[in-house]
Amino acid sequence: MIQSMTGYGCAQKDSLKVEIRSVNHRYLDISFKSPVSMLKHEPMLRAIIKEHLNRGRVDVYISTTNQATSTRVMINRDFVGPLVDSLNNLKEEFKLSGSVDIASVLSFKETIIKEDEDPAEGTLEETFREALAGLINMRQQEGKHLSDIVQGRLSALFEIITEISHRQKAAISVVSEKLRQRLNELFKDFAIDENRLLQESAILSDKMDISEEIERVESHLKQFNKTLLNNDNIGKGLDFILQELNREANTISSKAGHYDIGAEAVNLKLEIEKLREQIQNIE
C-alpha cells in the first residue's frame, strides 16, 4: 500500500499532550520539542517512530496543558539551613537588629525549587503511540489518494508511448518521401542515383529509429507499476525508475525526426514531471 509522508496525529491524557506532524523528506528526520524533564524519554520515543516510519521530516511536540498540576514547588532545605545559620551568626557578630524570618529567607531565589512533574513513562508512551497511530492513519489515507493520482498518470504515459510507437512507423516513410521530393526539386535537371537515395534513406531511418527507447519506456512503466504493489519504502525505487524514464524521453525527443513524434515526446516528459511531483511525497 502506498503511504504518504504527509500526516498529523494528536493525543492527550490528563495534562499531557502529544502532537506529531510529518512532511516529505529524502530520509527519516526526527525533531523533538518537549519540556526539559522529558528529554530522557527521547531515545525511547525515537525508537518507536523508527519501528513504523521509514522516510519523512517528523516533528514531535510534547507539552503539559495544566501548569498548576505539572509543576512541583519545594523548599531547598540544603540551602536554607546554612543560610539561616549564616544570617544569625552575621547578626550576632555585627550586633545587627531585626530577626531572621521567612520573608528574609524567601528573598533568596535559591530557596524555592520548581520542578516540572514528569508523567509516568507508561502514560507518555501510551499517549505517544496514540498520536503516532493517528499520524500513520492520515498518511495511509493520503497514500490512497496518491495511488489514484499516480495510476492516472501512469495510464497517460502508457497511452503516449503507444501513440509514439504508432507514429514512428509512419514517420520514417514520410520523411524518406520528403527527402526524395526535396532532392527532385534541387536536382530536377539531373538524374538521381536511386541506390544512393536508398542508402541515405536507410541512414536517416537508422538515426530516427526509437524502437529500443520505446521498448525501454514500456519496460520501465511495467516495473513502475509492479513496484507500486510493494508495501515498504517504495518512494526511492519509484524515483529511480522516473530518472530512467526521463532519460529515455530525452533521447526520443532528440531523435524525433517528425513533428508529431516530437510533440508527443514533449507530452511524455511533461507527464513524467507531473508523476515525479506526486512521487516526492510517497514514503
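Numbers for the structure displayed
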| read-out | value |
| --- | --- |
| Residues (charged (D, E, K, R) and outside any helix (DSSP H, G or I)) located in the stretch 225-245 | 232 |
| Top-ranked residue of the stretch 14-66 - restricted to ones that are out of contact with any Asp or Glu (no Cβ under 9 Å at 6 or more places or on another chain) and aliphatic (A, V, I, L, M), ranked as most open to solvent (accessible area, probe 1.4 Å) | 39 |
| Options 205, 211: the member that is among the hydroxyl-bearing types (Ser, Thr, Tyr), at pLDDT below 90 and surrounded by 13 or more Cβ atoms within 10 Å (Cβ to Cβ) | 205 |
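The values are calculated or read from the model by the stated rules, or taken from the named source; none is laboratory data. All of these numbers come straight from a predicted model, not from anything done at the bench. Because the Cβ atoms are built from the backbone with ideal geometry, glycine has one as well, and the counts that use them run over all protein chains shown. Accessible surface is based on the protein model in full, side chains and every heavy atom, while ligands, DNA and RNA are left aside. Shrake-Rupley method; radii C 1.70, N 1.55, O 1.52, S 1.80 Å.
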